[in-house]
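The values are calculated or read from the model by the stated rules, or taken from the named source; none is laboratory data. No experiment lies behind these values; they were computed from the predicted model shown. A quick note on method: Cβ atoms are made from the backbone with ideal geometry, for glycine too, and the neighbour counts reach across all protein chains shown.
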Amino acid sequence: MARFIVRRLIGMVLVLFAVSVLTFLIFQVIPNSDPAVRMAGKLPTPSQVEQIRKTWHFDDNIFVQYVYTMKQIFSGDLVSYSDQSNVTHQIWIGLPRTFALGIGAAIIWMALGIALGLFSAVRAGKLSDRFLTVLALIGVSMPVFWVGALMTYYLGYKAGIFPNGGYVEVGEGGLWQWFYHLILPWTALAILFIGVYSRIVRSNILDTINDDYVRTARSKGISERRVMRRHVLRNSLIPVVTLWGLDFGLVIAGGAVLTESVFNLQGVGQYYAEAIGRLDVPPVLEVTMLGAFFIVVVNTLVDILYAVLDPRIRLAT
Amino acid sequence: MSERILEIDHLQVDFRTDEGVVHAVDDVSLTLDAGEVLAVVGESGSGKSVTAMSLLGLNRSPNAVFRGTAHYKGTELLSASESTLRKIRGAEMAMIFQDPMTSLNPVQRIGDQIAEQILAHEHLSKAEVHDRVVSLMERVGIPRAAERSRSYPHEFSGGMRQRVMIALALSCDPSVLIADEPTTALDVTIQAQILERMKELKDQLGTAIILVTHDLGVVADIADRIAVMYGGRIVEEGTVDEIFYDPQHPYTWGLLGSITRVDRTRAEKLPSIAGLPPSLLDPPKGCHFRARCPHEFPKCVEVPALEDRGAGHPDRCWLTVEEKRAKRELTPGEIGLATKEVVGA
């Protein structure tokens, strides 16, 4: 276990290095990306541009620039090229919003995915199962930005049932307002996953239900409920739980960009999207690295969880 | 004479499939007395496992149709409610399955899986259940039982897992043990050990056993009576001596001929029964064995009843006892079945 975690930590350092170098280089080769020119404002004099280049280390060679930027990232001093705001500070403001969105949506899609998948599996082949199949197909076919836009327009702007986007801190508006503002974003983000997960749960259950050990369980004289819960569901959900961990990692590390932007939640994802639009390298670099870090951590946790849930799995040491 | 505990009467099981109705079991009647070992022998698809599963309702499904009756100590099993069956499963009749590698839940500890059955039927404290589990595991010959009860199935060999299955089946002291090919998936040496263990336990506990197998060699030592099944029907039934020394049905001759034996002069090839078992989707008219039988004659298009035809035990073959005794002696190497040309085989 300890060796496993050490190996993952070493792997993490390599991943972060590769990700940071790649992201850094991309902005070196994008056309019209000289930050000094953009920062100097409209009609700058060449000496102004030169002055900016010097103070921001843009005239150093690329290796020095990279090392300088990394130092700033790890000391928390990195500032945005466009408004000179502290990147780490901005991320800290956005993180609770992104996590609130991601965690809530993940709980919703897991709960509904299992419930609908179980329902479908129990009624496999019947009309209700076919209806859910069609529904799941529609669900996975709707892009989140489209669903989100429809929701804010019809349920928010037109009908006025829900707020028209925005995020309310618990400390400002209370728990209810926080929850109320998140209902639509959670739903929009979860819909696609509910479709996918209900199908996976359904097929896993149908695979498991014919396994020999389920027949053994029935022959014991325990209730059908217990057979389903302890033997069928328990075994068919192991791969789903691990997938859930990975998908949650992906949503936090970038998958929530669209949802945050559509609903104007001002989370890390939206901050990231806006920074890319401005070709603002520091936020992009730091958010990308944070995302990569988070993915590696979640993957490690998922692997450990998998070994806990299934005793046949051994962590490679 | 001991008490009759199980009586299957004219059991018929049909499965509706996309291709049509499969007549898996056709008019099977069997009885089992307390403490008796009944072997049900036949090849794959002969309906022997379906018969066994039907007793506990383990193959109930919307597409399965059960006819006839099966009485266990006064309770009719085929029409019994799930809650009635639940009280019988594990407690009164327990089952051992064919493949010990897949018959245990891979993510639960062995001890917990045995305890689950005990707790389903008896109100015991945790410590009492644990003691029972450990003593059961010791009884079936699992070393270091207390420690091993905390292991997972993948940490056991096939033979050890089958011992666990036996311990599980015996955990509530059932009156009937149904063993569905308990040794088929095991090595030959382990097979003997498991059978020996089952025999010992039967003698100690007086449990009646229905032993389902395709291997006549397995049953000689342990069974009291043998029912030979073919194509969903019982074709011959008798005591072990009757079946081994005075077999009446040509299919039984074929089965006996295909046992590997060390006391027989080695033939070039192990004798086998030519051809394939009949499709139960569209079974042939009359005797189901007709197409593979070298002694077929016109009468065989009529279904022979399972009755005593003069040999002292019932069979389903139209030949007279004298004809049978003469024909089965005809060829050396016991049976001359392999000589028949079967079209399409």
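Summed over the stretch B:67-81, the residues that are outside any loop (DSSP other than H, G, I, E, B) and either more than 11 Å from residue B:56 (Cβ to Cβ) or facing chain A (nearest Cβ under 7 Å) (or both) give a count of 6. The set of residues in the stretch A:1-60 being charged (D, E, K, R), out of contact with any helix residue (DSSP H, G or I) (no Cβ under 8 Å at 6 or more places or on another chain) and touching a residue at least 40 places away in the same chain (Cβ under 8 Å) consists of A:3, A:7, A:38.
Residue count for the stretch B:234-251 satisfying the condition of being within 14 Å of the chain's Cα centre (by Cα) and over 16 Å from residue B:214 (Cβ atoms): 1.
Pairs are defined by a Cβ separation below 7 Å, a sequence spacing of at least 6 or placement on different chains, a first member in the stretch B:157-171 that is more than 16 Å from residue B:98 (Cβ to Cβ) and within 11 Å of chain A (Cβ to nearest Cβ), and a second member that is buried (at least 21 other Cβ atoms within 10 Å of the Cβ) and among the polar types (S, T, N, Q); the pairs so defined are B:171/B:117. Consider the stretch A:216-249 and keep the residues that are aliphatic (A, V, I, L, M) and not in a helix (DSSP H, G or I). The one that is farthest from the other protein chains (Cβ to nearest Cβ) is A:237.
Just one of (1) within 14 Å of chain B (Cβ to nearest Cβ); (2) among the hydrophobic types (A, V, I, L, M, F, W, C); (3) more than 15 Å from residue A:116 (Cβ to Cβ) fails for residue A:184. It is (1). In this structure, is residue B:26 within 14 Å of residue B:79 (Cα to Cα), at pLDDT 90 or above and acidic (Asp, Glu)? Judged against the criteria, residue B:26 is not a match.
Looking only at residues in the stretch A:288-317 that are away from every other protein chain (no Cβ under 14 Å) and assigned to a loop (DSSP other than H, G, I, E, B), which one is modelled with the lowest pLDDT? Looking at residues that are away from every other protein chain (no Cβ under 14 Å) and assigned to a loop (DSSP other than H, G, I, E, B), I get A:317.
For residue B:45, the conditions (1) touching a Leu at 6+ places or on another chain (Cβ under 8 Å); (2) assigned to a strand (DSSP E or B); (3) more than 18 Å from residue B:225 (Cβ to Cβ) all hold with the exception of (2).
In the set A:161, A:191, A:138, A:183, only one residue is surrounded by 15 or more Cβ atoms within 10 Å (Cβ to Cβ) and either over 30 Å from residue A:237 (Cβ atoms) or in contact (Cβ under 8 Å) with a residue 40 or more places away in the chain (or both); that residue is A:191.
Could we say that residue A:55 is of a type outside the set (Gly, Ala, Ser), out of contact with any Phe, Trp or Tyr (no Cβ under 9 Å at 6 or more places or on another chain) and under 30 Å from residue A:304 (Cβ atoms) here? So residue A:55 fails the test. Among the residues of the stretch B:59-84, the one identified as crowded, with 20+ Cβ neighbours inside 10 Å and without any contact (Cβ under 8 Å) to a residue 40 or more places away in the chain is B:77. The numbered conditions (1) crowded, with 17+ Cβ neighbours inside 10 Å; (2) closer than 19 Å to residue A:295 by Cβ are all true for residue A:9 except (1).
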